[in-house]
Amino acid sequence: MDAVMCEAKAAQHRLSPDSFLPPEMPLAMPEQSLWRKIEGSGERPTSLRHVFLQRAFIFVSTIAMTIVAASEMYQVLQVAGLTILEMVILALFIMLFAWIAFSFVSTLVGFFATIIRCDRSLGIDPASPLPVLKSRTALLLPTYNEPPHRVFSRLQAICESVAETGQLEKFEFFILSDTTDPDIWIVEEAAYLSLIQEVGAGQVFYRHRKKNTAQKSGNISEWVTRFGGRYDHMIVLDADSLMAGDSIVRLADAMERHPNVGLIQTFPVLVNGRTLFARLQQFAGRIYGPLIARGVAWWHGSESNYWGHNAIIRVRAFADQAGLPLLGGPKPFGGHILSHDFVEAALMRRAGWSVHLAPGFMGSFEECPPSLTDYAVRDRRWCQGNIQHLGVLPARGLHWVSRLHLLTGIGSYITSPLWLLFLLVGILISLQAQFIRPEYFSERSLFPQWPAQDPVRAQWVFFGTMAILLVPKVLGYLVLLRSPVERRCCGGAIRSFVSVMVETLISGLIAPIMMLLQSRSILEIAMGRDSGWQPQHRDGGKLSAREYVRAYLWPTVLGLLLAVCAYAVSFSLFLWMTPVIVGLLLAIPLAAWTASPHAGACVGSLGLLLTPENTNPPKVLSRSGALELSSAYRAPVEAITLLQTDAAVRVAHMAMISENSMRRRGEYDVDRLVGMAKVEDSSSLEEAIEMLTPQEKYAVLNDGMVLKALLSKACS
């Protein structure tokens, strides 16, 4: 043991915090005001020509479709005059139809833009020779309690891919850890040491924050204020992100060639789906997603949006304009902005920097939640963040398209309770017409006003609405057929058609469940409940049968009530409502089945729900998977045991926390004090580990003095 301690002391003389981080070059990131006038904002020469006409086409087409649909719906309902409930359902129909028509028109534009290859992605041409860069770019990979073997495997694959371009010296890589789980934290440090042995020190850096203030936005802003002055651009990733080196170089080149561009958002392709739910999302995103992305990019122009990851950002523009303010009031409406990306893009555009979406840009990947349950957890946080944007909407100086992005994000969640209300009001009208004698009279008539509808027109309205929802899927399939390579990678024309049918069917069954989950989220936010920030789970199928029953019993009960009400009115109404009723009644088995990796593997073995990334994965994706499988840190490891047995990790950890320990002198939080007391009272290392709670262990690991005292017990 003495030899090990001597080795550790010798190594510690060679290691310092600077060994794991570059020299600091601070960059001020002032907090922005939402209400003061911004001098010099507005019109840099960034807007595309004819963008006004393109936007006019989108909105005029949406309004025209909505007027026609509203007129038809009015004819359905006004047979015997409009009752109050019928007026409510007409108003709801108009709002909801306008929402889906807006998406339909954008997708239709995206279809034609794809057919004629109209791609205005800032001149990024993947077929052209690789440009030579002059600027320096940082790749930031924030992580929060993620499996370290996956995070570091992805980063190593990205590093190697960039090295293959011959321009690795133009890039530096940062793991920005906000991890609060003590065991994951120490494994991150061990994985980092392994990574720099593979790719070399000096290009890859690791920083851990003790307190994850403001979550991801605070993580990025802390990096900017410490190191941002060293770099021209930063590429922000997520813990599940991947990007090819060729694509990274072309993104940096696009920023060099367009000095007025502040941000370029790529369109990430979903990959690595193993469960049935993930494969459904992956297939839908790959087949239908590009049409939507090309459509919105066509009319967004230089006022596009930011999705928080897989984007390149001009560092000084971000630092000058994207310092987020705290929203007034208590959570969930006030406090730190959860959906920070929309607001950061809006603030940059307010200052005149252009924000672009590059929909045809390849080589950008991410993963999706493996189950409906995990999706709902993430969606709950997104819902709260988007609802917070109500406090940002009236901000002074925002471009109207930026306000539309904020409004669209809010609407994506508000529409769920509106759909639910539309459904319930429709049932009430049917029950009223069937069982309740009208006891009200019109002011101008002595006769009762009975609810009555035109059934033939109602069918046409229904089929027309369904067509608006389903035609984009058909368009995505038609685009797939035009590409022989992608068609073969998706299983061929027949299997890909069956895949579209399978995806449409299962997604249709899941849709009413998501409607209820999002409606509940809106209700919880209205009641003042904060979602918090939970780490994401990348694997599915781990809930017990009891947990699935507990989570999805209430949608099942509501589905049963709707079935009884519909059948009580008429069997035909019951048949019309079967898509909603069946989805809700099957909520429990559907959530469990789609979360199963076995179900995903079975579908894949039939050649269904395949994507090109499944059958012909790009090199960076294959390399990442291979590194993940060969990682030495796949199994969970206890933090203090790892520090006690691995001198290199112990020395590195002491060096990493030494600077923070100096800064925190005089700080006495409760977990640290209790942890110190338990360490002193314990008779052995094993006893101390058992006594410490995760919070206390985390505090001990952040304090070099207490940690040394704890590790010394291994010798006693």
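Before moving on, here are some points about what is shown:
- Considering segment 687-716, the residues that are modelled with pLDDT under 90 and not in a helix (DSSP H, G or I) include one that is farthest from the chain's Cα centre (by Cα), namely 716.
- Total residues in segment 126-177, condition surrounded by 21 or more Cβ atoms within 10 Å (Cβ to Cβ), touching a Leu at 6+ places or on another chain (Cβ under 8 Å) and of a type in the set (Lys, Arg): 1
- Count of residues meeting criterion [over 27 Å from the mean Cα position of the chain (by Cα) and farther than 19 Å from residue 293 by Cβ] in segment 82-125: 13
- When residue 330 is tested against (1) surrounded by fewer than 23 Cβ atoms within 10 Å (Cβ to Cβ); (2) of a type outside the set (Phe, Trp, Tyr); (3) in a strand (DSSP E or B), exactly one condition is not met: (3).
- Flag if residue 583 is within 18 Å of residue 505 (Cα to Cα), in a helix (DSSP H, G or I), within 27 Å of the chain's Cα centre (by Cα) and not aliphatic (A, V, I, L, M): yes
- Hey, residue 165 in contact with a His (Cβ under 9 Å, 6 or more places away or on another chain) and in a loop (DSSP other than H, G, I, E, B) or not: no
- Against the conditions (1) assigned to a strand (DSSP E or B); (2) β-branched (Val, Ile, Thr); (3) out of contact with any strand residue (DSSP E or B) (no Cβ under 7 Å at 6 or more places or on another chain), residue 249 satisfies every one except (1).
- Number of positions in segment 170-200 that are in a loop (DSSP other than H, G, I, E, B), more than 20 Å from residue 632 (Cα to Cα) and more than 26 Å from the chain's Cα centre (by Cα): 0
- Only residues that are surrounded by fewer than 16 Cβ atoms within 10 Å (Cβ to Cβ), outside the structural domain of residue 428 (by TED's automatic domain parsing) and among the aliphatic types (A, V, I, L, M) were counted across segment 64-117, and they come to 2.
The values are calculated or read from the model by the stated rules, or taken from the named source; none is laboratory data. Keep in mind that what you see is a predicted model, and the values were worked out from it rather than measured. Neighbour counts are summed over all protein chains in view; Cβ atoms, including those assigned to glycine, are modelled from backbone coordinates with ideal geometry.
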